[in-house]
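Each remark here refers to the structure printed beneath this line.
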Amino acid sequence: MIAAQVSGGVAPYTYTWSGGTPNVTGDTISNLSSSVYSLTVTDANGCSVVESDSVTEPAPVDLTVTLDSAVSCAGASDGVATVSVNGGTAPFDYQWQGFTPVTGSPDRTNTISGLQAGLTKITVTDANGCMAVDSVMVTQPEPLVLTLTVDQHVTCNGASDGRATATVSGGTAPYVYS
């Protein structure tokens with residue numbers, strides 16, 4: 001909304017707006033989009049003055065979501081992700097799917113931990129009620145699988161010549177054997 005305050009001259013005044021506002025003749029215009037608006041005020045003696053003002057808008061809320069760390073073991077819930085906000089107007093509300101919302105944060109980043117594998121959605125709403133939605137794919141390693149194979153049985157009672165092989169797959173290398 002833009003409201004004009006006129007003083008001086010001789011009333012009554014005539015108001016002529018330009019800049020995307022057709023047929024507005026009063027001292028106030030509202031429901032405006034981003035633009036430059038000019039007002040010409042003419043008094044009863046024909047004297048005129050012109051003023052302009054700009055109505056601006058913030059950049060749209062734009063999100064960048066990064067996976068900081070994947071789930072460490074298959075089935076665990078220890079993934080970590082961060083959302084960064086560009087544009088919009090602080091403070092922000094952050095709603096990670098399945099988690100308690102963070103409201104009124106002045107920060108343009110928010111990090112969540114305790115994520116399970118799969119797609120996690122994040123919704124960010126700014127102070128003006130503008131929102132953006134994005135998601136991050138939280139990954140996990142394949143399940144850890146251990147296979148023991150007896151290569152050679154003990155040949156005689158009391159001997160120690162048996163042999164076995166452990167084969168590991170999945171999980172995250174390097175493996176520690178004990």
Förster radius 30 Å - calculated FRET efficiency between residue 128 and residue 80 (Cβ-Cβ, nearest 0.05): 0.55
Rotationally averaged projected area of region 22-178 (alpha carbon convex hull; nm²): 15.4 nm²
Rough spin-label spacing in nm, given labels placed 7 Å along Cα→Cβ, for residue 176 and residue 6: 8.2 nm
Taking 148, 39 and counting other C-beta atoms within 10 Å, the order from fewest to most: 148, 39
Any idea what Rg and Dmax come out to for region 62-138 if you just take the C-alpha atoms, in Å? 12.3, 41
Can you pull the Kirkwood radius for region 116-178, inverse mean 1/r over Cα pairs, to one decimal in Å? 16.7 Å
Along each principal axis of its Cα atoms, how long is region 35-83 end to end? Whole angstroms, biggest number first, please. 83, 11, 8
Pairwise label distance in nanometres, residue 45 with residue 28, each label 7 Å out on the Cα-Cβ vector: 2.9 nm
Using modelled backbone amide H atoms (1.01 Å from N, in-plane), which distant-in-sequence or interchain residues come within less than 5 Å of residue 135's amide H? 122
Kirkwood hydrodynamic radius, region 2-55, all distinct C-alpha pairs: what's the number in Å? 11.5 Å
For region 37-50, just list the computed ³J(HN,Hα) in residue order, Karplus coefficients 6.51, -1.76 and 1.60, θ = phi - 60°, integers in Hz, with x standing in for Gly and Pro. 10, 10, 10, 9, 10, 10, 8, 5, 8, x, 7, 10, 9, 10
Separation in nanometres of the label points that stand 7 Å from Cα toward Cβ, at residue 147 and residue 121: 4.1 nm
Residue 160 to residue 72: FRET efficiency via 1/(1 + (r/R0)^6), r the Cβ-Cβ distance, R0 35 Å, to the nearest 0.05? 0.40
Average Cα contact separation per residue, region 59-178, under 8 Å, 6 or more apart, as relative contact order %: 24 percent
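Values quoted throughout were computed directly from the atomic coordinates according to the rules given, and no laboratory measurement underlies them. Everything numeric here is computed off the predicted structure, so don't read it as measured data. Glycine also receives a Cβ, built like all others from the backbone with ideal geometry; neighbour counts cover every protein chain displayed.
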